[in-house]
Amino acid sequence: MAAASIGVLGSAFNPPHNGHADVVAQALAEFDRVLLVPSYRHAFGKNMLPYHWRLQMVAALVDAIADDRVALFDIEKSLAEMQDDPMRPVYTYDVLAETERRFPNAQIAFIVGPDNAATSTWQKFYRGDEIVARWSLWPAEERIPVRSSDIRAQVELGIYPSPAQCPPEVARLLGACLTDSSHK
């Protein structure tokens with residue numbers, strides 16, 4: 001029996017959208033399971049919506065995808081809390097090493113979109129060469145050009161994302177997040 005294959009999709013998911021869902025759909029043709037890993041402390045210092053809100057939005061995206069092979073994999077916060085330096089980001093390498101520890105018999109690949117697959121970006125990844133040597137990269141195509149930053153900007157103007165941009169429950173949670181005064 002062949003080892004299970006797991007595709008790991010790490011992202012800010014700031015918010016998750018139909019472009020992410022399409023990447024998952026592509027990956028499901030290649031992997032037995034796809035794990036969605038929201039960034040807790042982004043390696044490139046990206047300003048993100050509060051983690052607990054992004055977790056809820058990713059859970060809503062997983063529900064909308066409605067495939068038991070897709071799961072929210074909430075490991076970055078625990079990885080961050082184990083570090084000696086509270087400001088150190090959680091790197092893709094750390095996520096993949098922990099995934100391998102939890103699924104020791106699986107074949108693991110990191111799913112990358114066109115933005116991160118570009119050599120100029122991939123060279124910035126912590127231990128990027130080791131990631132490629134130890135696991136593998138699986139490049140997804142961008143077939144649905146939706147940007148999280150565009151969605152956030154339009155919601156700030158009171159324009160909620162359309163179902164073509166993200167599932168309705170993700171849009172609802174995003175609106176609740178942006179009106180939540182506890183994080184402003």
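Results, tabulated for the structure shown:
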read-out: Residue selected from the stretch 115-136 under the condition over 16 Å from residue 43 (Cα atoms) and of a type in the set (S, T, N, Q), by the criterion modelled with the lowest pLDDT; value: 119
read-out: Of the criteria (1) open to solvent by less than 90 Å² (accessible area, probe 1.4 Å); (2) within 22 Å of residue 10 (Cα to Cα), which one residue 147 fails; value: (1)
read-out: Residue that is surrounded by the fewest Cβ atoms within 10 Å (Cβ to Cβ), among those in the stretch 68-78 that are of a type in the set (A, V, I, L, M) and over 12 Å from residue 40 (Cα atoms); value: 71
read-out: Residue in the stretch 40-59 that is open to solvent by less than 10 Å² (accessible area, probe 1.4 Å), closer than 20 Å to residue 126 by Cβ and under 14 Å from the mean Cα position of the chain (by Cα) present; value: no
read-out: Answer residue from the stretch 79-114, given it is acidic (Asp, Glu) and surrounded by fewer than 12 Cβ atoms within 10 Å (Cβ to Cβ) and is modelled with the highest pLDDT among those; value: 81
read-out: Candidate set: the stretch 150-177, residues that are more than 20 Å from residue 10 (Cα to Cα) and not in a helix (DSSP H, G or I); chosen: the one most open to solvent (accessible area, probe 1.4 Å); value: 157
read-out: Filtered residues of the stretch 18-30 (kept if assigned to a helix (DSSP H, G or I) and open to solvent by 60 Å² or more (accessible area, probe 1.4 Å)); value: none
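The values are calculated or read from the model by the stated rules, or taken from the named source; none is laboratory data. All values reported here derive from a predicted model rather than from experimental measurement. Cβ atoms come from the backbone with ideal geometry, glycine included; neighbour counts cover every protein chain shown. We work out accessible area using only protein heavy atoms, side chains counted, and drop any ligands, DNA or RNA first. Shrake-Rupley method; radii C 1.70, N 1.55, O 1.52, S 1.80 Å.
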